[in-house]
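The values are calculated or read from the model by the stated rules, or taken from the named source; none is laboratory data. Since this is a predicted model, take the numbers as computed values, not measurements. Heads up, the Cβs are rebuilt from the backbone with ideal geometry, glycines too, and the neighbour counts pull from every protein chain shown.
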Amino acid sequence: MLSYVLAGLGLGSIYAIAAGSLVITYVASGIFNLAFAAMAYSVARFYYWLLVEEGWGIVPSAAVSLFVFAPALGMFLYAVLFRHLRLRSTLIKLMATVGLSVALPPLIQLVLEQPTNTQAPGLAPRPLDVFKVFGSTINADQLATYIGLVVVLVVGVGLLRFTSVGLKVRALVDSEALTSLSGTSPGKVSLGVWAASVTLAGLAGILLAPTQGLSVQSMTFLMSAAFAAVVAAKLRSLPLAVGVALLMGVTTNVLEKYIDPSSTFGAVIKPAIPFIFMLLFLLYYALRGQAGDLVAGGALDRAIATQGGDPSVVSAVAGGGSNRRFLNPGLLAGVIVIGIFAMLPGMLDKFWSGLLAGGVALAIALLSYTLVVGEGGMVWLSQITFAGGGAVLSAELVRNWGWEPLVAVLVAAVIIVPVGVVIGLLTIRLGNLYIALVTLTFGSLITTLVFRRDPYYNFGSGQPMPRPEYATTNDDFTYLALAVFCILAILIVNVRRSTAGLAMSAVRFSESGAKTLGISVVQTKVLVSGLATFTAAVGGGFIAMNAGSTLPDSFDPAVGLVWLAVLVTMGARSNIAALIAGALFVLMPQIFQIYISTDLGDVPTILFGLGALGLALHPEGTVVQVGNNIMSLYRKLFGRSDPDPEAPVPPGTPGAALPDRDEADNPLLTPTARGGSATIPAGGQA
């Protein structure tokens, strides 16, 4: 038994290092770092380059990687990104870190290339020394992990709680403005926080690589498992996070003594342990109402940011008179984009028309993010999992029951809806951070327990999923997918224009304010959850039909982060942005490989991630920025002046204007770009 416990402590220590690093960063900066796995991979890859490819020794490789490269990377990221996020909304913070998690690993691989051996050495010399402890054995890698955990505890507890540096960090979280008045430089403190954060992430990555492999996927799994300990700690308690992480590791290994890990039950229960821990703590905290997000900065900080023009604060501007127009330029632009997509199939050869069909199919799935993130304001990271569920279930209906493919896709989507509704109900009382953690962990669990297991995996090829008989060619399938996209987009537009849509806008802006208007937050979020799940499942079915197979690896949660990064780069609340994002995701890598260089296939992913980083300064997205420019040009050409800059009405202010009904269906522009607000005026009804 002791040998199982010691091995479990080794695994738990890695979880604890990751969880402790996440908690320290969150408490010190107010930002939950979803790019932790990307940082861990980047530092571990640099260490591997020095140690294996350049032939350095372990000590100099570790010293340069952890005390030079990692802090320099952290300070650089603070300068270009994190310093802009401090007072942004939770949604913008999470999306920006998602963008970083997407862009950083391929950028490192572009410079250092793929590692020659994913089973990389750690901090212990090879061959590994073995030590006897009370009749059981531990190896040098496990011993290094224990020492690494002690370092995290010393840095986290000792430095933050018992030193003047820790006092300055805690003061900075409470109020940057007051910290500055005390003579402390907030910038220098934050710089040190992020330098230490990347160092701790790198330490976790280096220690993980010998057992789990040097890959982005292994680091992402580490982060997902560590989320359970972070949730148990309510994002704040370092000792509790470490304790739960160690308990998870021990539980995982001790179960192997009683349950055969190669058995069907053992293969299911082992990866589910972190999710079980998370679920238990979430239910406990949700019932007690203790699952809110940390709000960085005090009222003084936010007042200063608002006076400075915080781009994350969306203004509701009265249009200055009637906004009704004979011709809506945003709607016209949307019609033009769809028209271009309708003309392209007849102009492209078979290869490119097949890619276009895949892009339109993906756009259907991306509409689910438009609903849940754009309209609902909820950071769901499991939409790709619902898409995969729709693909797998529809393929089963076609293969085992002989259903017509399109009917199978629609029925499968309806069957998947209750799963999304249950997730919505479980997370209704949680803050956005908890929602992101739960949905990403849920997605990782389903991928491991369902998509990666036979008969669904089938050595990566999945199960066959034919196209409908009337849409077997690429051109015909593109038209079918485009028609379904338009139908769902119109549905979203009608929901946005409806009373339910106005309720969504009110809940997205302020749940407490929506409740004072008599709006049911539960009903509103359940509606969004159900619609988004249905849309994602339909999109997954179309992706499978286009490929001719379910291809389980294409529905990995790590790929879902790239999906989301592409969409938010274009615009999270625009239907047309989803169509453009789907096409770019599929077409751009091929364009780079064929017309530029085969070595630059990862560049589009880097660009998508960098685009998501741009949310820190421009939360509305690229398409909406273009839409704003179109509106400005339209006003100049037709003599319409911009709204009086002295007349903006902040969201939630009594009398804030609603968009005219004939403009609420604009597929290109958000309410800000239309010159109106989607919030409900005080005293109005939902």
Out of the range 33-89, which residues are of a type in the set (S, T, N, Q) and at pLDDT 90 or above?
S42, S61, S65
Positions within the range 5-28 being farther than 23 Å from R83 by Cα and either of a type in the set (V, I, T) or not assigned by TED's automatic domain parsing to the domain that holds A233 (or both), in sequence order
V5, I14, I17
Please verify whether I92 is surrounded by 18 or more Cβ atoms within 10 Å (Cβ to Cβ), of a type outside the set (D, E) and closer than 23 Å to V379 by Cα, treating the condition exactly as stated.
yes
Among the residues of the range 481-496, is any basic (K, R) and surrounded by 17 or more Cβ atoms within 10 Å (Cβ to Cβ)?
yes
Would you call V521 out of contact with any strand residue (DSSP E or B) (no Cβ under 8 Å at 6 or more places or on another chain), surrounded by fewer than 24 Cβ atoms within 10 Å (Cβ to Cβ) and of a type in the set (V, I, T)?
yes
Would you confirm whether or not the range 9-16 contains a residue that is among the hydrophobic types (A, V, I, L, M, F, W, C), out of contact with any helix residue (DSSP H, G or I) (no Cβ under 9 Å at 6 or more places or on another chain) and closer than 22 Å to T252 by Cα?
no
On the given criteria, is T447 surrounded by 19 or more Cβ atoms within 10 Å (Cβ to Cβ), polar (S, T, N, Q) and under 30 Å from L283 (Cβ atoms)?
yes
From the residues in the range 421-437 that are under 17 Å from the mean Cα position of the chain (by Cα) and under 17 Å from G530 (Cβ atoms), which one is surrounded by the fewest Cβ atoms within 10 Å (Cβ to Cβ)?
I423
Output the helices (runs of 4 or more DSSP H) that fall wholly within the range 373-462 and possess 2 or more residues being in contact with a helix residue (DSSP H, G or I) (Cβ under 6 Å, 6 or more places away or on another chain), under 30 Å from V23 (Cα atoms) and of a type in the set (S, T, Y), or say none.
432-446
Are any residues in the range 524-574 surrounded by 24 or more Cβ atoms within 10 Å (Cβ to Cβ) and in a loop (DSSP other than H, G, I, E, B), and if so, which ones?
T550, G571, A572, R573, S574
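Filter the range 66-89 down to residues that are of a type in the set (K, R) and surrounded by fewer than 24 Cβ atoms within 10 Å (Cβ to Cβ) and give me whichever is nearest to the chain's Cα centre (by Cα).
Looking at residues that are of a type in the set (K, R) and surrounded by fewer than 24 Cβ atoms within 10 Å (Cβ to Cβ), I get R86.
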Qualifying residue in the range 344-355 (condition: out of contact with any His (no Cβ under 6 Å at 6 or more places or on another chain), closer than 29 Å to Y595 by Cβ, basic (K, R) and not in a loop (DSSP other than H, G, I, E, B)):
yes
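Quick one: which residue in V360, V398, V407, V392 is under 19 Å from I492 (Cα atoms) and in the same structural domain as A483 (by TED's automatic domain parsing)?
So the residue among V360, V398, V407, V392 that is under 19 Å from I492 (Cα atoms) and in the same structural domain as A483 (by TED's automatic domain parsing) is V360.
Rundown of residues vs (1) under 16 Å from S197 (Cα atoms); (2) part of a helix (DSSP H, G or I), yes/no style:
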{"residue": "V52", "(1), (2)": "no, yes"}
{"residue": "G55", "(1), (2)": "no, no"}
{"residue": "V59", "(1), (2)": "no, yes"}
{"residue": "A70", "(1), (2)": "yes, yes"}
{"residue": "A96", "(1), (2)": "no, yes"}
{"residue": "T116", "(1), (2)": "no, no"}
{"residue": "Q119", "(1), (2)": "no, no"}
Any chance you could count how many residues in the range 207-236 are under 14 Å from V152 (Cβ atoms) and over 20 Å from the mean Cα position of the chain (by Cα)?
3
Kindly indicate which of V586, V495 is in the same structural domain as D454 (by TED's automatic domain parsing), among the hydrophobic types (A, V, I, L, M, F, W, C), within 18 Å of L371 (Cβ to Cβ) and part of a helix (DSSP H, G or I).
V495
Qualifying residues in the range 438-455 (those that are aliphatic (A, V, I, L, M) and closer than 20 Å to V372 by Cα) - the one farthest from the chain's Cα centre (by Cα):
I446
Please work out which residue is farthest from the chain's Cα centre (by Cα), limiting yourself to the range 394-420 and to residues that are surrounded by 24 or more Cβ atoms within 10 Å (Cβ to Cβ) and either over 30 Å from D476 (Cβ atoms) or among the polar types (S, T, N, Q) (or both).
S394
Pick out the one residue from V165, V111 that is modelled with pLDDT under 75, among the aliphatic types (A, V, I, L, M) and more than 20 Å from L9 (Cα to Cα).
V165
